[in-house]
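Presented below is the structure to which this report refers.
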Amino acid sequence: MISDKIRDILNEQINKEFYSAYLYLSMSAYFAQIGLYGFSRWTKIQSKEEIDHGMILFEYVIGRNSQIQLNQIEMPKFEMKNPLSVFEQIYQHERSITSAIDCVAQMSEGDCDLATRNFIDWYLEEQIEEEAMVSKIISKLKAFGEEKSALYLIDNELGQREYKPQAY
Ligand code: OFO
């Protein structure tokens with residue numbers, strides 16, 4: 001069993017993961033509308049991974065014999081300016097998720113809930129990978145994204161991404 005405080009913050013995190021899925025899905029639609037199908041595929045796959053992140057938390061809360069509270073998912077908001085700007089917004093979003101995960105880690109440590117503290121390590125690692133992956137794409141867009149032919153190549157590259165179900 002986990003404390004009410006930990007139950008609540010894990011439920012909040014589930015909501016944040018599903019919001020992330022919604023955000024990436026709306027970005028996927030934007031990229032498809034402007035003909036960047038590789039960007040669209042990449043963000044759609046990211047959306048699926050975010051659902052997996054939410055579900056891993058969901059199973060954990062149930063597995064600890066605690067309650068799930070599924071709250072309303074906010075409408076996704078981002079500025080549809082250009083691919084670089086969207087990826088910069090993704091980076092900021094992922095940084096805010098990293099801070100949220102850090103809070104879960106700190107809170108579980110403060111609560112002497114070492115099982116949750118241990119569980120959340122997987123998310124801390126995942127955030128390092130996601131921030132690094134997004135910042136590489138930003139660097140490429142900054143270096144070459146102004147050129148239409150380079151953008152076409154980046155789009156092709158992002159379109160190669162395959163969905164790998166996220167497992168804890
Ligand atoms: Fe974007 O990562 Fe989930 O946790």
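The numbers here are math on the coordinates, done by the rules we state, and not lab data. Source: prediction; values computed, not measured. Positions of Cβ are generated from backbone atoms using ideal geometry, with glycine treated the same way; all protein chains shown enter the neighbour counts.
Here are the numbers for the structure shown:
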item	result
Residue among GLN89, GLN106 that is more than 21 Å from ASN11 (Cβ to Cβ), of a type outside the set (Gly, Ala, Ser) and more than 11 Å from the ligand (Cβ to nearest atom)	GLN89
Residues satisfying the stated conditions in segment 135-155, i.e. surrounded by 13 or more Cβ atoms within 10 Å (Cβ to Cβ) and more than 15 Å from GLY38 (Cβ to Cβ)	SER135, ILE138
Flag if GLY110 is more than 13 Å from the chain's Cα centre (by Cα), within 19 Å of SER47 (Cβ to Cβ) and small (Gly, Ala, Ser)	no
Sole exception among (1) surrounded by 21 or more Cβ atoms within 10 Å (Cβ to Cβ); (2) of a type in the set (Gly, Ala, Ser); (3) more than 16 Å from the ligand (Cβ to nearest atom) for SER3, by number	(1)
Residue list for segment 16-39, filter: under 14 Å from LEU158 (Cβ atoms), among the hydrophobic types (A, V, I, L, M, F, W, C) and assigned to a helix (DSSP H, G or I)	MET27, PHE31, ALA32, PHE39
Residues satisfying the stated conditions in segment 48-72, i.e. away from the ligand (no atom under 16 Å from the Cβ) and part of a helix (DSSP H, G or I)	ILE62, GLY63
Checklist (1) outside any helix (DSSP H, G or I); (2) farther than 26 Å from ASN156 by Cβ applied to GLN13, failing item	(1)
Some residue of segment 118-128 being within 30 Å of ASP155 (Cβ to Cβ), surrounded by fewer than 14 Cβ atoms within 10 Å (Cβ to Cβ), over 12 Å from the mean Cα position of the chain (by Cα) and within 13 Å of the ligand (Cβ to nearest atom)	yes
Subset tally (residues that are in contact (Cβ under 8 Å) with a residue 60 or more places away in the chain and either away from the ligand (no atom under 16 Å from the Cβ) or touching a Leu at 6+ places or on another chain (Cβ under 7 Å) (or both)) for segment 18-39	4
GLN46 vs. criteria under 18 Å from TYR168 (Cα atoms) and of a type outside the set (A, V, I, L, M)	yes
